[in-house]
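Here's the structure, in structure tokens; my notes come after.
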Amino acid sequence: MTADGRTRLHQTPEWAALAKHREQLGEVRLRELFAADPGRGTDCTLRVGDLYVDHSKHLVTDETLRLLQELAAATDVFGLRDAMFRGERINITEDRAVLHTALRAPRDAVIEVDGENVVPEVHAVLDRMAGFADRIRSGEWTGHTGRRIRNVVNIGIGGSDLGPAMAYEALRAFTDRSLTFRFVSNVDGADLHEATRDLDPAETLFVIASKTFTTIETITNATSARSWLLAGLGGDEKAVAKHFVALSTNAEKVSGFGIDTANMFEFWDWVGGRYSFDSAIGLSLMIAIGPDRFREMLDGFHLVDEHFRTAPAESNVPLLMGLLGVWYGNFLGAQSHAVLPYSHYLSKFTAYLQQLDMESNGKSVDRDGDPVEWQTGPVVWGTPGTNGQHAYYQLIHQGTKLIPADFIGFARPAAELSGELQAQHDLLMANFFAQTQALAFGKTPDEVRAEGVPEELVPHKTFRGNHPTTTILARELTPSVLGQLVALYEHKVFVQGAVWNIDSFDQWGVELGKVLAKRVEPALTEGAEVPGLDASTAALVAAYRESRGR
Ligand code: F6P
């Protein structure tokens, strides 16, 4: 209980009930759970849209799920959800509404922020984006010298990069292959250099994506891109208007940078950066896949929004996924969560989720500013299977850590693969199914012995099993399915933030580094004295300067 009489999360009876249940459950064994209930493999599954979600291989019983749902009720997860969908200012530290769900609402929906329906604005921007995307794709929009645009370079970082870059990769099979797309984020000049070195400026469009238009990495890269363009096109400043567009909430900064606001696609402060790729931030993606496919993706998001908003607790997939994470993180001591897509096209999916999850729920004070006394967001990590199998799966199978994992796979390969490459899909998916089976059920010492393994090797070849996984299976990776998947994770992250009573929508933790970088930079370039620089950093700066011959 706090001084002002609030009961904190870990003091609630629902929390205590889960802790007690954890003790009583002891070391629950998946082999036993499956043996005791032949229906588990089909009963413990849910469907949302095109996604088949199997949660049978989790270290939970019906009682665990019931108690977790009681915790969700006690922490009013659905109340906060409804406040979010209503446009209330649930991002309390920034005093903002959280309305990424409005970005994919149908045209006739009514969602109000401060008494104003935002849906018409959302669709007006989407329509402008569609018009622009069509003009690029058709060749109607030409560069300064009259040549058509063949290259699109998105410059942004964090949510202004990861979302569009991930989705472009995911939906490559749906992209216009006559156009080249590059995504530049790193302030390391090598990133822009590699992205532009083989491009013709006369055929290149830069899409400058920045919610605030103050992010130093993006503004620095955009400035260098402008120099590159002008150097390649004879220095005529008028070229900028044909080769630069901006995606931002900050019209003043955009025009201050020299981009005509006629070439700006706007969004709003109620869209968090990591929730923004279905806003104007998705312009590069829309150019790549076309407006119709982009809208299909938004419809996929919306489908899961509606599911999250209306499905009862027992069948609400984001709620379930969020609560399972709470179970492992808060009651079984898991520190991390692996997301392992069995699709080459999802090679950037986990990196995208890292920002979504870790920037949202990497918090250590609650919504009242009191230190949390419970674990919050996990370390999210992973790369596409089967590559991970030959790298770090050893540790998941036989290491000492509890690592819950999501396996994401598709029944059908991309249509454009040749027959032989299509056939490889079964091998990929055989690995997909085999891994969750091995993780769950392992191999006992007796099973190892039965294979004639010498006794001294038995412990080494034994698989303890009992490693929990969720399997998410869809027919095919389409724009809609991608939208469904991302929305699923967005709402999962929401659920966890609500249970932990943290503000999942701010990101103050990235500020200090930004301020210090600005302070240190003059020390690197000019050898300026930085007041209060610690001894370690001062010595590192000196070594750096020496190596640079300064
Ligand atoms: O990393 C901090 C952050 O503010 C992210 O939340 C955001 O996605 C990123 O920087 C980029 O910000 P902007 O779109 O304003 O350039």
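The values are calculated or read from the model by the stated rules, or taken from the named source; none is laboratory data. Please read these numbers as outputs of a predicted model, since none were measured by experiment. Cβ: placed from backbone, ideal geometry, glycine included. Neighbour counts: every protein chain shown. To get the accessible areas, we keep the full protein, side chains included, count just its heavy atoms, and leave off ligands, DNA and RNA. Shrake-Rupley method; radii C 1.70, N 1.55, O 1.52, S 1.80 Å.
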Which ones in the range 298-323 are within 16 Å of the chain's Cα centre (by Cα) and without any contact (Cβ under 8 Å) to a residue 60 or more places away in the chain? none
Turns out the strands (runs of 3 or more DSSP E) fully within the range 118-227 with at least 2 residues that are of a type in the set (Phe, Trp, Tyr) are 180-184
Looking at the structure I just gave you, is residue 73 part of a helix (DSSP H, G or I), within 16 Å of the ligand (Cβ to nearest atom), of a type outside the set (Phe, Trp, Tyr) and at pLDDT 95 or above? no
Condition (residue is hydrophobic (A, V, I, L, M, F, W, C), surrounded by 17 or more Cβ atoms within 10 Å (Cβ to Cβ), in a loop (DSSP other than H, G, I, E, B) and modelled with pLDDT of 95 or more) applied to the range 402-419: is it met by at least one residue? yes
Any hit, the range 135-151, residues being modelled with pLDDT of 95 or more, within 16 Å of the ligand (Cβ to nearest atom) and either within 23 Å of the chain's Cα centre (by Cα) or more than 25 Å from residue 293 (Cβ to Cβ) (or both): no
Could you look through the range 499-516, keep only residues that are open to solvent by 10 Å² or more (accessible area, probe 1.4 Å), in a helix (DSSP H, G or I) and of a type outside the set (Phe, Trp, Tyr), and pick out the one that is nearest to the ligand (Cβ to nearest atom)? 510
Across the range 324-362, what is the number of residues that are in a helix (DSSP H, G or I), touching a residue at least 24 places away in the same chain (Cβ under 8 Å) and over 17 Å from residue 468 (Cα atoms)? 15
Which condition from (1) in a helix (DSSP H, G or I); (2) out of contact with any strand residue (DSSP E or B) (no Cβ under 7 Å at 6 or more places or on another chain); (3) closer than 20 Å to residue 98 by Cβ is the one that residue 321 breaks? (2)
Among (1) away from the ligand (no atom under 16 Å from the Cβ); (2) touching a residue at least 12 places away in the same chain (Cβ under 8 Å); (3) farther than 20 Å from residue 356 by Cα - the single one residue 131 does not satisfy: (2)
Quick one: residue 214 ticks every box in (1) surrounded by fewer than 17 Cβ atoms within 10 Å (Cβ to Cβ); (2) more than 9 Å from the ligand (Cβ to nearest atom); (3) without any contact (Cβ under 8 Å) to a residue 40 or more places away in the chain except a single one, so which number is it? (2)
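Take residue 175 and tell me if it is more than 15 Å from residue 281 (Cβ to Cβ), among the hydroxyl-bearing types (Ser, Thr, Tyr) and within 16 Å of the ligand (Cβ to nearest atom).
Values: more than 15 Å from residue 281 (Cβ to Cβ): yes; among the hydroxyl-bearing types (Ser, Thr, Tyr): yes; within 16 Å of the ligand (Cβ to nearest atom): no.
For residue 175, the condition - more than 15 Å from residue 281 (Cβ to Cβ), among the hydroxyl-bearing types (Ser, Thr, Tyr) and within 16 Å of the ligand (Cβ to nearest atom) - is not met.
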Meets criteria (open to solvent by 20 Å² or more (accessible area, probe 1.4 Å) and assigned to a strand (DSSP E or B)) for residue 473: yes
Being open to solvent by less than 70 Å² (accessible area, probe 1.4 Å), more than 17 Å from residue 466 (Cα to Cα) and in a loop (DSSP other than H, G, I, E, B) is the filter here, so list the residues in the range 1-34 that pass it. 2, 5, 8, 12
Going through the range 218-253 one residue at a time, which ones are closer than 26 Å to residue 101 by Cα and away from the ligand (no atom under 12 Å from the Cβ)? 245, 251
Just name the residue that is nearest to the ligand (Cβ to nearest atom) out of those in the range 274-304 that are of a type in the set (Gly, Ala, Ser) and surrounded by 24 or more Cβ atoms within 10 Å (Cβ to Cβ). 276
With under 17 Å from residue 241 (Cβ atoms), open to solvent by less than 30 Å² (accessible area, probe 1.4 Å) and in contact with a helix residue (DSSP H, G or I) (Cβ under 7 Å, 6 or more places away or on another chain) as the only criterion, which of 192, 171, 205 stands out? 205
Consider the range 358-368. How many of its residues are closer than 15 Å to residue 159 by Cβ and open to solvent by 10 Å² or more (accessible area, probe 1.4 Å)? 3
Give the residues of the range 517-534 that are more than 16 Å from the ligand (Cβ to nearest atom), assigned to a helix (DSSP H, G or I), of a type in the set (A, V, I, L, M, F, W, C) and open to solvent by 10 Å² or more (accessible area, probe 1.4 Å), sorted by residue number. 520, 524
Output for the range 243-268, where each listed residue is in a helix (DSSP H, G or I) and either in contact with a strand residue (DSSP E or B) (Cβ under 7 Å, 6 or more places away or on another chain) or of a type in the set (S, T, N, Q) (or both): 243, 251, 254, 255, 261, 263
For the structure I just gave you, tell me whether residue 335 is modelled with pLDDT of 95 or more, within 16 Å of the ligand (Cβ to nearest atom) and surrounded by fewer than 22 Cβ atoms within 10 Å (Cβ to Cβ). no
Report whether or not residue 288 is at pLDDT 95 or above, part of a helix (DSSP H, G or I) and small (Gly, Ala, Ser). yes
